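Below is one structure; the comments refer to it alone.
The values are calculated or read from the model by the stated rules, or taken from the named source; none is laboratory data. From a predicted model like this one, the values you see are computed outputs, not experimental measurements. Quick reminder, even Gly has a Cβ in these numbers, built from the backbone with ideal geometry, and neighbours come from all protein chains shown.
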Amino acid sequence: MLAADFTRLAEEIDMVNRSEADWFHLDVMDGRFVPNITFGMFIIEAMSKLAKKPFDVHLMILEPEKYIESFRKAGADVITVHYEACPHLHRTVHQIKESGAKAGVALNPHTPVSFLEDLIEDIDLVCLMSVNPGFGGQKFIYQTVPKIKKLKELITTRNANTLIEIDGGVGLQNAENLLQAGADVLVAGSSIFGANDPVATIQTMKAFKSGFDF
Ligand code: ZN
């Protein structure tokens, strides 16, 4: 939603409601973990009154453990925290699960997937950042593709049910490759909201998925 036109937020939410998109992805930034500041639980709660699909809330903030329950109350169905922001990640992941939300962990482009080896079974979703977090509309970092394959291998070896989400620079040009590499969830911002026909673009992107067996 970071790429949406916030002067027409209700219409943008309605577009997503009408589309084949599965979730709303909401990027919360604090100006400390990342250089940018976006929105918090107040806006998310307002959006949740209009939205008819689950809320995937991506916390790009320091000390996310302080705000898990507030984001859950505001309407978050998935809460994703950053590996790099959580010295006690095991505790934070379980705190998210106890709140009733699904627990996600995001990795910055330089953080190896092997850092999740000892926790993968407890994580519902791993978000691989394919740009440096902080701003929308950035170019996809291609080293993400081998990371997807490594992560898929780890998940399969451990018999875990973890979903792989790719966040940053995703569009029609690379969606099929990412799904083929093993991605389950694609976050698309500018490529959707900047399209002439966002609903049709989502439909095209979703169609790539039908060729693969998950
Ligand atoms: Zn995100």
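At-a-glance table
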quantity	calculated
Failed condition for residue 199, given (1) under 26 Å from residue 30 (Cα atoms); (2) surrounded by fewer than 19 Cβ atoms within 10 Å (Cβ to Cβ); (3) β-branched (Val, Ile, Thr)	(1)
Of the criteria (1) touching a Leu at 6+ places or on another chain (Cβ under 7 Å); (2) away from the ligand (no atom under 16 Å from the Cβ), which one residue 94 fails	(1)
Residue 40 being within 18 Å of the chain's Cα centre (by Cα), of a type in the set (Gly, Ala, Ser) and at positive phi	no
Segments classed as helices (runs of 4 or more DSSP H), wholly inside the range 117-214, with at least 2 members that are under 30 Å from residue 14 (Cβ atoms)	175-181, 190-193, 198-209
Residue in the range 146-157 that is more than 17 Å from the chain's Cα centre (by Cα) and within 22 Å of residue 27 (Cβ to Cβ) present	no
The range 17-38: number of residues that are under 16 Å from residue 189 (Cα atoms) and either touching a strand residue (DSSP E or B) at 6+ places or on another chain (Cβ under 6 Å) or of a type in the set (Phe, Trp, Tyr) (or both)	8
Count - residues of the range 103-116 that are under 17 Å from residue 89 (Cα atoms) and assigned to a loop (DSSP other than H, G, I, E, B)	3
Enumerated strands (runs of 3 or more DSSP E) restricted to the range 1-102, each holding at least 3 residues that are modelled with pLDDT under 95	none
Matching option when the condition is within 15 Å of the ligand (Cβ to nearest atom), surrounded by fewer than 18 Cβ atoms within 10 Å (Cβ to Cβ), closer than 25 Å to residue 113 by Cβ and free of Cβ contacts under 8 Å to residues at least 60 places away in the same chain, among 54, 87	54
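Yes/no matrix, rows are residues, columns are (1) touching a residue at least 40 places away in the same chain (Cβ under 8 Å); (2) farther than 22 Å from residue 189 by Cα; (3) within 16 Å of the ligand (Cβ to nearest atom); (4) charged (D, E, K, R):
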| position | (1), (2), (3), (4) |
| --- | --- |
| 113 | yes, yes, no, no |
| 122 | no, yes, no, yes |
| 129 | no, no, yes, no |
| 133 | yes, no, yes, no |
| 145 | no, no, no, no |
